[in-house]
Amino acid sequence: EAQVTQNPRYLITVTGKKLTVTCSQNMNHEYMSWYRQDPGLGLRQIYYSMNVEVTDKGDVPEGYKVSRKEKRNFPLILESPSPNQTSLYFCASQQGGGQGYEQYFGPGTRLTVT
Amino acid sequence: AQSVAQPEDQVNVAEGNPLTVKCTYSVSGNPYLFWYVQYPNRGLQFLLKYITGDNLVKGSYGFEAEFNKSQTSFHLKKPSALVSDSALYFCAVRVYNFNKFYFGSGTKLNVKP
């Protein structure tokens, strides 16, 4: 089954404790992306990757890191989480880098930072 | 700056009636426009997109949307709403030659029996 998976689905952590949210897709997609969803703000793009070893900032990259060492994986790293990073996070992938392709989304990771 | 606006936080409609969820955008360049739906505790699912060509595009579950360049709008429509259409709907835009996506704030659609 074609899918985007994220782990963990739920995470409660404390301020400053490094964490990683994993994302994996099995569709051989080139483009992958991370978003955060906050009430009233919709989805905001954090980082995206056009291919292996090619990443760039979205609209809200502060406090986040990403890496793309393999085509299928695109982990999101919070090196020192803060309460304002409490949010619902989505990973997405897209066939190719072309602008006309739709994205496939993972099920989401709900992060709470206390 | 690129932006997408969904002016209604919530749309209420009776089952069987037509529905419209509004979306307007502001971009510098040619837009590629998308609609996604989100059911509770789920990720977003693709509904339809406008890339080029016919301004009226048809998508999944009987939804359609009309691209209006002069009004910079891409409203989502369905002739006859179902209770199962109740969900959160997002409009998104990507601009030609740019790699970022921009999403609206979402519109909650409530379809009552």
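Coordinate-derived values only; no laboratory data. What you are looking at is a predicted structure, and each value in this text was computed from that prediction instead of being measured. Note: ideal-geometry Cβ built from the backbone for every residue, glycine included; neighbour counts use all protein chains shown.
May I ask you to evaluate 6.51 cos²θ - 1.76 cosθ + 1.60, the Karplus curve with θ = phi - 60°, for each residue of the stretch A:54-67 and list the ³J(HN,Hα) values in order in whole Hz, giving x for glycine and proline?
With the stated coefficients, the stretch A:54-67 comes to 10, 10, 8, 6, x, 8, 10, x, 4, x, 10, 9, 9, 8 Hz.
Residue farthest toward the positive end of the dipole of chain B, with Cβ of Lys/Arg at +1 and Asp/Glu at -1: which of B:Y96, B:F74, B:W35?
B:Y96
How big is D for the protein assembly as shown, in µm² s⁻¹ as a whole number, if Stokes-Einstein is applied with the Kirkwood radius of its Cα pairs at 25 °C and 0.890 mPa s? Each step should come with its number before you reach the end.
On the way: Rh = 18.0 Å.
My calculation gives 136 µm²/s for D.
When A:I12, A:I77, A:I46 are ordered from fewest to most other Cβ atoms inside 10 Å of their Cβ, what list results? Provide the component values of the computation, followed by the final result.
Details: A:I12 11, A:I77 14, A:I46 24.
Arranged by neighbour count, lowest to highest, A:I12, A:I77, A:I46 become A:I12, A:I77, A:I46.
If you average the alpha carbon positions of the stretch A:60-114 and of the stretch B:36-104, how far apart do those two centres end up, in angstrom?
Here the two parts' Cα centres lie 22 Å apart.
Kirkwood-based Rg over Rh for the stretch B:51-113 (C-alpha set), two decimals? Write out the running numbers ahead of the final one.
On the way: Rg = 13.4 Å, Rh = 13.4 Å.
With Rh from the inverse mean 1/r over Cα pairs, Rg/Rh is 1.00.
Just how large is the dipole of chain B about the Cα centre, in debye to the nearest 20, putting +1 at every Lys and Arg Cβ and -1 at every Asp and Glu Cβ? The partial results should precede the final answer.
Working: 11 positive and 7 negative charges, 43 e Å.
Computed about the Cα centre, the dipole is about 200 debye.
Using 0.36 nm per residue, how much length does the chain from A:N73 to A:E53 gain when fully extended, once their Cα-Cα distance is taken away?
6.1 nm
Return the subset of A:K57/B:K100; B:K22/B:K100; B:K69/B:K108; B:K22/B:K69; B:K22/B:K108; B:K58/B:K108 for which the Cα-Cα distance in this structure is over 19 Å, preserving the input order. Could the numbers behind the result be given before it?
On the way: A:K57/B:K100 9 Å; B:K22/B:K100 22 Å; B:K69/B:K108 25 Å; B:K22/B:K69 14 Å; B:K22/B:K108 11 Å; B:K58/B:K108 21 Å.
Beyond 19 Å between Cα atoms: B:K22/B:K100; B:K69/B:K108; B:K58/B:K108.
With unit charges on the beta carbon (Lys/Arg positive, Asp/Glu negative), name the residue among A:S80, A:G106, A:S49 whose Cα is farthest towards the positive pole of the charge dipole of chain A.
Toward the positive end, the furthest listed residue is A:S80.
Rounding to the nearest 20 debye, state how big the charge dipole of chain A is about its Cα centre with +1 on each Lys and Arg Cβ and -1 on each Asp and Glu Cβ. Mind showing how you got there, number by number?
Values: 12 positive and 10 negative charges, 72 e Å.
The calculated dipole for chain A is roughly 340 debye.
Please get the size of the charge dipole for the protein assembly as shown, origin at its Cα centre, with Cβ charges of +1 on Lys and Arg and -1 on Asp and Glu, quoted in debye to the nearest 20.
On the way: 23 positive and 17 negative charges, 74 e Å.
The dipole magnitude comes to about 360 debye.
Excluding residues on the same chain fewer than 8 positions from A:K18, give the aspartates and glutamates whose Cα lies under 16 Å from its Cα.
The reachable aspartates and glutamates, counting only those whose Cα sits under 16 Å from A:K18, are A:E62, A:E79.
Could you list the square roots of 5 times each eigenvalue of the Cα gyration tensor of the stretch B:1-104, that is, the equivalent ellipsoid semi-axes, sorted largest first and rounded to whole Å? Walk me through the intermediate numbers first.
Details: eigenvalues 104, 43, 30 Å².
Those come to 23, 15, 12 Å.
If you wrap the stretch A:56-104's Cα atoms in a convex hull and average its projection over all directions, what's the area in nm²? Can you show the working numbers first?
Working: hull surface 17.2 nm².
Its Cα hull, projected and averaged over all orientations, spans 4.3 nm².
At 10 °C and a viscosity of 1.306 mPa s, what translational diffusion coefficient does Stokes-Einstein give for chain A, taking Rh as the Kirkwood radius over Cα pairs? Give it in µm²/s as a whole number.
Working: Rh = 14.0 Å.
D, rounded to a whole number, is 114 µm²/s.
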